[in-house]
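Below is one structure; the comments refer to it alone.
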Amino acid sequence: MTNLRGAFLLLALIAAPIAASGQNPNPLTANAKVQFGALSGFVVRSAEKVPEGLYNFRPVAEVRTMAQLFGHVADAMFGMCSTAAGTKPPRTGIEKETAKPLLVAALKEGVSYCNSVYDGMTDPKGTETVPFAFGPTPRLSVLYFVVSHTYEHYGNLVTYMRLNKIVPPSSETAPKPQ
């Protein structure tokens, strides 16, 4: 039941900009930012919630540790959002960090940086292409890829947390309204 509540909350957050699109001159950009905000919040809360002693956990030797996943997500935020902005990434190499405080701070900084890119984006600007891993790609498509890439690795983190009996943030019971 809790998973359903999380899913409905996420859908409501995604649907709000679409419903308001008649009033918003940039509904596609607004929707991408809402999706990024919801998901990046789950990732940051996961990084904060996982005990530092579990940052070296990995279910099998062939996959990243939790620390490497948090660092990889932060690196990807900086890399992809800077690509969408047409600039160089302000930070790289975060995946090599292992300390929880540094990784939490890097994730928060990555989220803040991406939010600044989303804030500077418009739907028309989002149609301009930039060089990307798949060839010339619209800026807004790169920003949506940040969302899908983060979803992919949040799924890894959810599995790692569940294996360690930690309830992921997206499955926590929502606080009751006061």
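The values are calculated or read from the model by the stated rules, or taken from the named source; none is laboratory data. The model shown is predicted, which means the values in this text are computed figures rather than measured ones. All Cβ positions, glycine included, derive from the backbone under ideal geometry; neighbour counts span all protein chains shown.
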Legend entry - Val104 farther than 15 Å from Ser82 by Cα and in contact with an Asp or Glu (Cβ under 7 Å, 6 or more places away or on another chain): yes
Those residues of the stretch 28-60 that are outside any helix (DSSP H, G or I), free of Cβ contacts under 8 Å to residues at least 60 places away in the same chain and either of a type in the set (Val, Ile, Thr) or closer than 19 Å to Ala76 by Cα (or both) come to a total of 2
- Message: Looking for something at pLDDT 50 or above, of a type outside the set (Ser, Thr, Tyr), assigned to a loop (DSSP other than H, G, I, E, B) and in contact with a helix residue (DSSP H, G or I) (Cβ under 8 Å, 6 or more places away or on another chain) - is there at least one such residue anywhere in the stretch 4-17?
- Response: no
Given (1) loosely packed, with under 15 Cβ neighbours inside 10 Å; (2) touching a Lys or Arg at 6+ places or on another chain (Cβ under 9 Å), Leu140 misses just (1)
Of Gly155, Gly110, Gly126, the only residue that is in contact with a strand residue (DSSP E or B) (Cβ under 7 Å, 6 or more places away or on another chain) and within 19 Å of Phe36 (Cα to Cα) is Gly126
Output for Cβ contacts, cut-off 6 Å, separation at least six or different chains, first residue over 19 Å from Glu128 (Cα atoms) in the stretch 140-151, second surrounded by fewer than 19 Cβ atoms within 10 Å (Cβ to Cβ) and at pLDDT 95 or above, reads none
Exception for Thr87 within (1) under 14 Å from the mean Cα position of the chain (by Cα); (2) surrounded by fewer than 18 Cβ atoms within 10 Å (Cβ to Cβ); (3) over 19 Å from His153 (Cα atoms) falls at (1)
Among residues of the stretch 61-79 being of a type in the set (Gly, Ala, Ser) and part of a helix (DSSP H, G or I), the residue surrounded by the most Cβ atoms within 10 Å (Cβ to Cβ) is Ala74
Exactly one of Thr122, Thr92, Thr98 is surrounded by fewer than 18 Cβ atoms within 10 Å (Cβ to Cβ) and either under 26 Å from Asn26 (Cα atoms) or within 16 Å of the chain's Cα centre (by Cα) (or both), and that residue is Thr122
Would you call Thr159 modelled with pLDDT under 95 and loosely packed, with under 14 Cβ neighbours inside 10 Å? no
